[in-house]
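Worksheet for the structure shown next.
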Amino acid sequence: MANTPFVDPRGPRFGAWITTVVLAVVLITGWWPLLAIQTVVFGIGAFAGLGYGPYGLVYRHLVAPRLAPTTEREEAAPPRFAQLVGFVFALVGVIGYAAGLTGLGIVATALALVAAFLNAAFGLCLGCQAYLLLRRAGVPAFAA
């Protein structure tokens, strides 16, 4: 099933690598329509579920079958919340670029890039950490 409460943690990290490349290309070229596409990808992951996002589908169908099976699983809610955070930053970036506020577009995209790279390279998911802090503070869970 594409939308489960637990995910293989290698899937979100794989998606973070692709996201890192996409956001770096946006920053290098300033081509904000690519950022708009990434915003849609974030939105699908956040609102429909990680298994429905394009990077999740590529991982599940093309990458995972070539890897050794894993018994490690993590809750889907924190990475989905991270996708929501990415969606917000990317949306702000798109609005900034599209409105001629290039500085805003660059800053929002750069912040999303830093978060994606930290997740991809080191397994440090800032959005996931924010989710856990919010849960500890009593904020209701983001549906998985």
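The values are calculated or read from the model by the stated rules, or taken from the named source; none is laboratory data. The shown structure was predicted, so the numbers you read here are calculated from the model rather than taken from an experiment. Reconstructed Cβ throughout: ideal geometry from the backbone, glycine too, with neighbour counts over all protein chains shown. SASA here: full protein model, heavy atoms, side chains in, ligands and nucleic acids out. Shrake-Rupley method; radii C 1.70, N 1.55, O 1.52, S 1.80 Å.
Only DSSP H runs of four or more residues enter the estimate; each adds -39500 (n - 2.57), and after division by the residues of the chain the mean residue ellipticity at 222 nm equals -20500 deg cm²/dmol. Its Cα centre serving as origin, the chain has a Cβ charge dipole (Lys and Arg +1, Asp and Glu -1) of approximately 120 debye.
Going by accessible surface with a 1.4 Å probe and the largest first, Val139, Val63 read Val139, Val63. Of Phe87, Pro65, Cys125, whose Cα points farthest to the positive end of the dipole of the chain (charges on the beta-carbon: +1 Lys, Arg; -1 Asp, Glu; origin at the Cα centre)? Among Phe87, Pro65, Cys125, the one farthest towards the positive end of the dipole of the chain is Pro65. With the Kirkwood sum run over all distinct C-alpha pairs, the chain has a hydrodynamic radius of 15.2 Å. First check a/c for region 83-144, with a ≥ b ≥ c the square roots of the eigenvalues of its C-alpha gyration tensor; if it is under 1.5, answer rounded, and if not, answer prolate when a/b is larger than b/c or oblate otherwise. Cα axes put region 83-144 in the oblate bin.
Note on the chain: GNM, Cα springs under 10 Å; of Ala108, Ala36, Ala68, the largest mean-square fluctuation is that of Ala68.
How high is the relative contact order of the chain, in percent, with contacts defined as C-alpha pairs under 8 Å that are six or more residues apart?
Contact order relative to length: 33 percent.
Report the Cα centroid-to-centroid distance between region 20-87 and region 90-144 in angstrom, as an integer. Spelled out, the Cα-based centre of one part sits 13 Å from the other.
The residue among Gly56, Leu35, Val107 whose Cα reaches farthest toward the positive pole of the charge dipole of the chain, with charges on the beta-carbon of Lys, Arg, Asp and Glu, is Gly56.
Using only Cα atoms, what is the ratio of the radius of gyration of region 41-87 to 2.2 N^0.38 Å? Don't jump to the answer; show the numbers that get you there.
Values: Rg = 11.3 Å, N = 47, 2.2 N^0.38 = 9.5 Å.
So region 41-87 has a normalised radius of gyration of 1.19.
Highest mobility in the GNM of the chain, judged by mean-square fluctuation with C-alpha springs under 10 Å and restricted to Phe122, Phe87, Phe42, is found for Phe122.
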